[in-house]
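Have a look at the structure below, then the notes.
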Amino acid sequence: MQEHFDYRAAFIGPQGENADEVERLVLEVLRDHIMWRRNFHPEDPRLIAEWSRSERPFRETTSKLRDSLYAVLARLKRGAPLHSHRQLAHMVTDPSLPSLVGYFAGLLYNQNNVVQEASPETVRCEREFIGALAQMVGFPPLIGQHAAPLEVGEHSFGHLTSGGTSANMEVLWTVRNVRFFPLALRLLLKEAPEFASIGLGDLEIARKDGESGELGRASATDLFALPVDEIVRLKRNTGLLLKEADYEVAAAFRSQLPTVRRVGLAELRERYQAAFPSDSFPTPVVLISRAAHYCWQKAMDLTGLGSTNLRHVAVDRHVRMDPAALLGALETASGDNTPVLMTVSICGTTETTSVDPLVAVNQLRDDPDLPAFWHHTDGAFGAYFASMLDRTGHPLETDHPSHAVSGYVREQLRAIGACDSVVLDPHKMGFMPYPAGALLFREYSVRDAIAYDAPYLAGEAEAGFGGFLGRWTLEGSRPGAAAVAGYLAQKVVPLEPSGHGQLLGNCVRAHRVLFDLLVKRSGESGVTFLPFGGAPDLTGTCFVLVPPHVSHLSQLN
């Protein structure tokens, strides 16, 4: 735990109070980079001769650069003043000084974190930063750089993305492929029974209620209802059997397995219905609160699941998902034999920063009387508040950062660690420059559900966090600069109560002061303050100021 931390030294300052330190650090980074360039094989000839710098085309190009830069600097001043405490209207924060300097340093080296051979140090920075995020939310330790395929053990996996939208899309893509795997396996055993000879025909599955049975006799409803951990076990056992089989047999199996990622939803459905005419192939749905971000409609569209199969669950007066309504939606889906692919909890809704009841959703996921589903937390805004939580078990002082939020919110933040995946945005409450999103999977091996290899990169046995990271990411190119920014930020401001948690505790308390003042002054001059959702869970409030003599919402529009 960090004992001495002053958040005032971690930012440029609303009025540039730390400008001298910024200049020193940026100049140090630039000089260090130039020195690296000059000392990398100094015997090489100079490609920009000194005499060419005095030629007219060179000077005109330099002048044009300066003029264009000055013009764009003038235009940028018309942007939102995100550094000022007068600017409270958007989910955008002033980047911290460590993240800005780190990003600038990484930018000069222009590394691409798609593959470690081209960006060795920035990949290591990403690994350490993602590991810190996993620890912050309570996930198992991040998988190391080296790990044998099919290694058994509790490890998480994650990586940086361009933002929460692409991260949520990647999670849904992964979940779709994971949840459809048992159906593809059963279908192949029906279409190509010869594979049963290597032991695949003896594979058993265990349902949530403790009952077990043969894979080949399970219905589509049974297979969709398997817990995530059971699907992971089934996938791992299949891999172990293939490892012991003849190479030709294993290769034939992999090339013929009709996974949804290979043949698509339409063909998988058609072939499954032809093989099992009496077994219906239902369309799965995703459950999420009515306060969901619009990116989820995009994700359903892109994955071929269809935006109409995104079912919205009612919220309570605090704009949190209603557990009773969720239970009703789950029971309705079960009665209709409609599989629930995933339930999404929101930790920090866009409009009101409300926190859904993650504890209750985890309990419903684990209820043996209900079909299983993947529990994902969309914590793009709110997951970083887990840095306020104390995980030592020691008695806490009254001014501990975690006391800035309610007991309810603390319980939900702790429950993230039991979810199957979480998305969080360092470029929001992580105080990092755009673009920087992140995703985390509690079980590292699910990443293989979207794995693809590039033919121009050499194959390798390494299966840890290293090598060709692009095989497990939606985005083929990812800036190493964001990894350096995150690495340096968490080194200077650790993701714990005495560091980053202190920053967020201050944010929550300041927002609550503002909220209470608005409530107190409501009615002055005839203007009424009407907040949606009541007192905020985190640091956002959606409200309407109602002028005198206004009696209907239409009069405000």
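The values are calculated or read from the model by the stated rules, or taken from the named source; none is laboratory data. What you are looking at is a predicted structure, and each value in this text was computed from that prediction instead of being measured. Glycine also receives a Cβ, built like all others from the backbone with ideal geometry; neighbour counts cover every protein chain displayed.
The table below lists the values:
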| read-out | value |
| --- | --- |
| Test: residue in segment 134-157 that is in contact (Cβ under 8 Å) with a residue 12 or more places away in the chain, part of a helix (DSSP H, G or I), surrounded by fewer than 19 Cβ atoms within 10 Å (Cβ to Cβ) and among the acidic types (Asp, Glu) | no |
| Complete set of residues in segment 321-344 that are touching a residue at least 40 places away in the same chain (Cβ under 8 Å) and within 13 Å of ALA291 (Cβ to Cβ) | MET321, VAL344 |
| Options SER52, SER68, SER63; residue that is assigned to a helix (DSSP H, G or I), at pLDDT below 95 and more than 23 Å from TYR384 (Cα to Cα) | SER52 |
| Enumeration of residues in segment 195-215 that are surrounded by 13 or more Cβ atoms within 10 Å (Cβ to Cβ) and in a helix (DSSP H, G or I) | PHE195, ALA196, ILE198, LEU200, GLY201, LEU215 |
| Filtered residue count, segment 90-124, keeping only those that are over 26 Å from GLN502 (Cα atoms), buried (at least 18 other Cβ atoms within 10 Å of the Cβ) and touching a Pro at 6+ places or on another chain (Cβ under 9 Å) | 5 |
| Test: residue in segment 512-530 that is free of Cβ contacts under 8 Å to residues at least 12 places away in the same chain and under 31 Å from the mean Cα position of the chain (by Cα) | yes |
| Search result, residues across segment 529-557 that are surrounded by 14 or more Cβ atoms within 10 Å (Cβ to Cβ) and either assigned to a helix (DSSP H, G or I) or among the hydroxyl-bearing types (Ser, Thr, Tyr) (or both) | THR539, THR541 |
| Leading residue by the ranking (surrounded by the most Cβ atoms within 10 Å (Cβ to Cβ)) among those in segment 220-249 that are part of a loop (DSSP other than H, G, I, E, B) and modelled with pLDDT of 90 or more | LEU226 |
| Residues located in segment 496-527, provided they are under 14 Å from TYR7 (Cβ atoms) and not in a helix (DSSP H, G or I) | GLU496, PRO497, SER498, GLY499 |
| Residue within segment 43-65 that is surrounded by 13 or more Cβ atoms within 10 Å (Cβ to Cβ) and among the hydrophobic types (A, V, I, L, M, F, W, C) present | yes |
| Qualifying residue in segment 74-85 (condition: buried (at least 16 other Cβ atoms within 10 Å of the Cβ) and outside the structural domain of ALA292 (by TED's automatic domain parsing)) | yes |
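For every residue, the table says whether it meets (1) among the basic types (Lys, Arg); (2) assigned by TED's automatic domain parsing to the domain that holds TYR408.
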position	(1), (2)
ARG478	yes, yes
GLY486	no, yes
GLY499	no, no
ARG512	yes, no
LEU518	no, no
PHE529	no, no
PHE532	no, no
THR539	no, no
